[in-house]
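For reference, the structure is listed below as structure tokens.
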Amino acid sequence: MEKHTIGERVEALRAWMRDKGLAAYIIPTMDPHDSEYLPAHWQTRQWITGFTGSAGTAIVSLDEAVLWTDSRYWLQAEQQLADTPFVLRRDGVDESIRDWLGAHVEGRVGYLPVVMPDVLLREYTDGLHVQGFDEDPFNSLWKDRPALPLSLIERMSDALAGETAASKLERIRQWIENRGKVDILLRELSEIAWTLNLRADDIPCNPFFISFLRLRAKGGGVLYVHEEQVSPDVRDYLASLHIDIEPYEKAPALRFSHSPVAEMRAAKNPTEQEGFLQAHLRDGVAMVRLLRRLDEADLSTWTELRVDRELTALRAEQPGFRGLSFETIAGYGANGAIVHYEPTPETDTPLQPRGLLLLDSGGHYDCGTTDITRTIPLGPLNDEEKRAFTLVLKGHLQLLYAVFPAGTTGIQLDALARLALWREGFDYGHGTGHGVGHRLGVHEGPVQFRKNCRPDTTHPLVLGQTITVEPGLYMKDKFGVRHENTALVVPAFQSGFGDFWRLESLTRCPYDLRAIVAELLTAEERQWLNAYHAQVCRDLLPLLSDPADQAWLAKATRAI
């Protein structure tokens, strides 16, 4: 995206603001459904700033332009905002949006109400003079603004979902009955897809359809959706659930009461748990085949984007593959230090036979969703790279084999993954883990592993929950390291002090032994690693048809 174009867009927005009598305008990374991944139609913050990260808030005043984003994207934002009117502000370090507005803006502050949740508005503008406009300025300013997507909605079979939509709706109705008999409006697309056992392709890397679902206290409800997306079969299916269909534009603007869906779906049923395992076995086959190719390749013909293409093609050969669960992060060398770096044709970096490649990727399968990160040595490593690789691995293993009492929260466990790094004076800015949806969003609440106290760290883990474990270390202008497995919360044992739980890895893929400083591992860490590698070999070997892949896996999972 040309830098001068960003300046022209900012000036066009300022002209619109002057016409409306506004001193500033807030542009969050939001759609009307509080989505993490936005359809192109709602990517207005990216359009106005040129910054492509998945999180951030832009503010344009009559004489300044500022973008706030979190630590995952600071390096990326520095690069993409260079030579534009926008100045970077770092969340949690620089002045807050509220403080900046109070100090830099005199006059009315505008925003689009449908993309500004009340809690966010209060955080940004408490005590300031703000005014929401139902008119969306980008409808006129963004000349070729993409239309809302209209993919065909399909049913997810009960055999794969493990629970009928009728059963889920009854559970929600009982929840409503117990809390005052008030209708609720589901806004989050993942909650609607889960509740109705329906999927589509409206959102990149997320099998959702753009809609609202109003559930009545007395039963049944209304799905507000673009009717072109509803086939006769799905229409009949919804009718059997007593769900009426109304146009998307007729959805009530009111934000109804709290939804119980996030808590209900957190504990995966036995069918979903088995589906997750099968998805990770298929994913493991694709990963092993890619790792062997990288190990044996002439890297002079490889780039970051080729890694993405090759891995996507290998996943596509697996049964039931339905697409990527997020855009692949393939960062070689210094690019690996950009936490959520995604290669583009402009940044695509050739690989070399040395250093580290950070590869964070995942897929949707008909039976489940995967999310895995492996940091891959492409040749000789220096001592700093090996030590970083091993310290991150130690924290990763400490959390994966931890045992903890029932009721433990994400903020209580997060430190286990950081202790080895803290002892050396290192840390990382992102969370250590997030929930994973069952052929839904790869990021799913309500639980996270995170060191700072937020609502999603105070929820206790529940049995059957799927959650990632992904500590990292990022050395600016040098390299990045991250190890990630998706895990299942399972019982460990009972004692006189109650029930104790643990994490069981679903991911099946080796860690590269050549990058490990074995002397830094404790006996317990080494034992876990060897047992895990033996399981990976045992489970994947029968699924690999090529003897060369089998031989590579046997060597990659040898005991240390």
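The values are calculated or read from the model by the stated rules, or taken from the named source; none is laboratory data. What you see is a predicted model; the values in this text were computed from it and never measured. Glycine also receives a Cβ, built like all others from the backbone with ideal geometry; neighbour counts cover every protein chain displayed. Keep in mind that these areas ignore ligands, DNA and RNA; they rest on the heavy atoms of the full protein, side chains included. Shrake-Rupley method; radii C 1.70, N 1.55, O 1.52, S 1.80 Å.
The figures follow:
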quantity	calculated
Residue among Leu169, Leu185 that alone is at negative phi and in a helix (DSSP H, G or I)	Leu169
Residue satisfying all of: in region 466-487; in a loop (DSSP other than H, G, I, E, B) and open to solvent by 10 Å² or more (accessible area, probe 1.4 Å); nearest to Glu263 (Cα to Cα) among these	Glu470
Qualifying residue in region 163-170 (condition: farther than 24 Å from Val114 by Cβ, open to solvent by less than 20 Å² (accessible area, probe 1.4 Å) and of a type outside the set (D, E, K, R))	yes
Residue among Arg171, Arg155, Arg179 that alone is in contact with a His (Cβ under 9 Å, 6 or more places away or on another chain) and over 29 Å from Pro28 (Cα atoms)	Arg179
Entirely in region 354-458, the strands (runs of 3 or more DSSP E) that have 1 or more residues that are open to solvent by 50 Å² or more (accessible area, probe 1.4 Å) and either in contact (Cβ under 8 Å) with a residue 60 or more places away in the chain or hydrophobic (A, V, I, L, M, F, W, C) (or both)	403-405
Flag if Asp244 is closer than 25 Å to Leu152 by Cα, of a type outside the set (Gly, Ala, Ser), open to solvent by 60 Å² or more (accessible area, probe 1.4 Å) and not in a helix (DSSP H, G or I)	yes
Positions within region 332-347 being over 18 Å from the mean Cα position of the chain (by Cα) and open to solvent by 20 Å² or more (accessible area, probe 1.4 Å), in sequence order	Tyr332, Ala334, Asn335, Thr344, Pro345, Glu346, Thr347
Filter result for Glu317 (surrounded by fewer than 18 Cβ atoms within 10 Å (Cβ to Cβ), out of contact with any Leu (no Cβ under 9 Å at 6 or more places or on another chain) and touching a residue at least 12 places away in the same chain (Cβ under 8 Å))	yes
The listed residue being out of contact with any Asp or Glu (no Cβ under 6 Å at 6 or more places or on another chain) and under 18 Å from Leu13 (Cβ atoms), out of Glu154, Glu163, Glu135	Glu135
From the options Arg179, Arg282, Arg235, residue that is outside any helix (DSSP H, G or I) and either under 23 Å from the mean Cα position of the chain (by Cα) or surrounded by fewer than 21 Cβ atoms within 10 Å (Cβ to Cβ) (or both)	Arg179
Odd one out for Ala559 among (1) surrounded by fewer than 15 Cβ atoms within 10 Å (Cβ to Cβ); (2) not in a loop (DSSP other than H, G, I, E, B)	(2)
Some residue of region 70-89 being assigned to a loop (DSSP other than H, G, I, E, B) and closer than 23 Å to Thr125 by Cβ	yes
Of the criteria (1) more than 30 Å from Phe256 (Cβ to Cβ); (2) open to solvent by 20 Å² or more (accessible area, probe 1.4 Å); (3) not in a helix (DSSP H, G or I); (4) not acidic (Asp, Glu), which one Ser140 fails	(3)
Among the candidates Ala12, Ala55, residue that is touching a residue at least 12 places away in the same chain (Cβ under 8 Å), assigned to a helix (DSSP H, G or I) and of a type in the set (A, V, I, L, M)	Ala12
Residues of region 92-110 that turn out to be under 30 Å from Gly431 (Cα atoms), touching a helix residue (DSSP H, G or I) at 6+ places or on another chain (Cβ under 9 Å) and open to solvent by 30 Å² or more (accessible area, probe 1.4 Å), as a count	6
Any chance Glu304 is of a type in the set (Asp, Glu), open to solvent by less than 20 Å² (accessible area, probe 1.4 Å) and farther than 20 Å from Asp539 by Cβ	yes
Condition broken by Gly323, with the remaining ones in (1) surrounded by fewer than 17 Cβ atoms within 10 Å (Cβ to Cβ); (2) touching a strand residue (DSSP E or B) at 6+ places or on another chain (Cβ under 8 Å); (3) not in a strand (DSSP E or B) satisfied	(3)
Test for Gly336: is it farther than 23 Å from Ile203 by Cα and out of contact with any helix residue (DSSP H, G or I) (no Cβ under 6 Å at 6 or more places or on another chain)	yes
